[in-house]
Amino acid sequence: MTRPDIAPPGDPRMTTIASIPLSDVRAALAQPAQRAEARWCVAEVAALFELPFMELLFRAQRTHREHFDPSEVQLSTLLSIKTGGCPEDCGYCPQSAHFDTGVAAGKLMAVQEVVEAARAAKANGATRFCMGAAWRSPKARDMVPVAEMVREVKALGLETCMTLGMLDAEQAHALEQAGLDYYNHNLDSAPDFYGSIIGTRQYQDRLDTLINVRQAGLKVCCGGIVGMGESRVQRAGLIAQLANLDPYPESVPINNLVQVPGTPLAGTEPIDPFEFVRTIAAARITMPRAMVRLSAGREQMDEALQALCFAAGANSIFYGDKLLTTGNPQVERDRALFQRLGLRTTA
Ligand code: SAM
Ligand code: DTB
Ligand code: SF4
């Protein structure tokens, strides 16, 4: 479906829209659920990126306000429950065994240690606890302790999220039965850029895991990374892929590459900060009801840039002094930022 709201004035596509009966256009605008299910083509998303910055920000802010309180931010805390030694070769990742990054391979944490970390996250104000493992996919023997972690963390009154790599249908079902709320599995990049970043797993593998997660009745957390040397059209390609998932993810983490020495992507030309904000805005416009998370890379950003991300429709962050293996702003610094911006955190 062509969207009347993204064609700039004078754009020839307006002629196409003019040829659609007005009643159809009105019906589409009146039924948000239908609009959300409409497919976005890469060119349409690229057209969003091409808008003048202020225009893009205004459109994103307008969409944000239709569905959310723009002064509210949701806090998720991450914990690496199994660090390093991963057999995959994701070119951005400090935990891949293919690269020498100084991250030591560890074992799966004990359930009670995980529960203690979750308790501390809750005491600090987080509402979601996301547990990540450096696996290609969980082994059968891992599923029992992992399910136990979900049950115990959920019992603390936190939303639970896990990111364990690829899942088959049975594993997704087992996690759902344990009470998992969200599964994080990122598409990471546009399909035509993906192969230059990761060789050990195909784009289709990721889509298959997302299908298994959805079919098990879990909520989907799925996003990507920018600043890996991709083009603007490829950033638009990532956003279009995410927005065209049916339904689109409930949570969309937008990561800015954290460059870690030893990974193949260390030394990549960093993305223009305004281009990062544009990516957030495009995610907000194309996935209006999703939680759009300003994810990795915040420690390298100043407060003004983070504020622009919130203005562009980000309404969630990773909160806590650490991401998985790299740093994140200290909680005191984040609290001061919320105070300065008059942001409230989700209770
Ligand atoms: N091993 C599992 C997997 O890949 O699905 C789960 C953990 S993995 C670390 C989760 C996500 O973290 C990746 O998909 C990627 O989007 C993000 N990530 C990893 N390293 C990053 C980096 N250096 N900068 C930004 N995001 C990163
Ligand atoms: C996501 O999209 N970003 C998080 C979470 N999902 C698992 C991970 C960021 C990792 C950054 C690099 C590190 O700390 O190792
Ligand atoms: Fe392994 Fe996940 Fe890192 Fe890829 S992103 S190397 S799968 S931990």
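Of the residues that sit in the stretch 201-236 and are of a type in the set (Asp, Glu) and open to solvent by less than 50 Å² (accessible area, probe 1.4 Å), which one is farthest from Ala190 (Cα to Cα)? Quick ask: steps written out before the conclusion?
From the stretch 201-236, those of a type in the set (Asp, Glu) are 205, 208, 230; that's our starting set.
When the remaining residues are screened for being open to solvent by less than 50 Å² (accessible area, probe 1.4 Å), the result is 205, 230.
On the way: Asp205: 14, Glu230: 9 Å.
Applying the filter and picking the extreme gives Asp205.
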Only residues that are more than 15 Å from ligand 1 (Cβ to nearest atom), assigned to a loop (DSSP other than H, G, I, E, B) and open to solvent by less than 50 Å² (accessible area, probe 1.4 Å): list them for the stretch 70-125, please.
-> Pro70, Ser71, Gly125
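Report, by residue number, each residue of the stretch 236-254 that is in contact (Cβ under 8 Å) with a residue 60 or more places away in the chain and under 17 Å from Met291 (Cα atoms).
To start, the set of residues in the stretch 236-254 that are in contact (Cβ under 8 Å) with a residue 60 or more places away in the chain comprises 236-237, 239-240, 243-244, 246-248, 250-251, 253-254.
Ile239, Ala240, Ala243, Asn244, Asp246, Pro247, Tyr248, Glu250, Ser251, Pro253, Ile254, listed by residue number.
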So which residues in the stretch 139-164 are within 16 Å of ligand 1 (Cβ to nearest atom) and open to solvent by 10 Å² or more (accessible area, probe 1.4 Å)?
-> Lys139, Asp142, Met143, Thr163
Hits in the stretch 306-338 (condition: within 17 Å of Ala123 (Cα to Cα), surrounded by fewer than 19 Cβ atoms within 10 Å (Cβ to Cβ) and within 13 Å of ligand 2 (Cβ to nearest atom)) | Asp321, Lys322
Selection from the stretch 278-304 of residues among the basic types (Lys, Arg), open to solvent by less than 10 Å² (accessible area, probe 1.4 Å) and more than 21 Å from Arg340 (Cα to Cα) yields Arg284
What are the pairs, 6+ residues apart or on separate chains, where a residue within the stretch 112-126 that is within 15 Å of Gly320 (Cα to Cα) has its Cβ under 6 Å from a residue that is part of a helix (DSSP H, G or I)?
-> Val114/Met149; Ala118/Val153; Asn124/Val331
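The values are calculated or read from the model by the stated rules, or taken from the named source; none is laboratory data. Worth saying up front: this structure is predicted, and the values here are computed from it rather than measured. Reconstructed Cβ throughout: ideal geometry from the backbone, glycine too, with neighbour counts over all protein chains shown. For the accessible areas, the whole protein counts, side chains as well, though only heavy atoms, and no ligand, DNA or RNA atoms are used. Shrake-Rupley method; radii C 1.70, N 1.55, O 1.52, S 1.80 Å.
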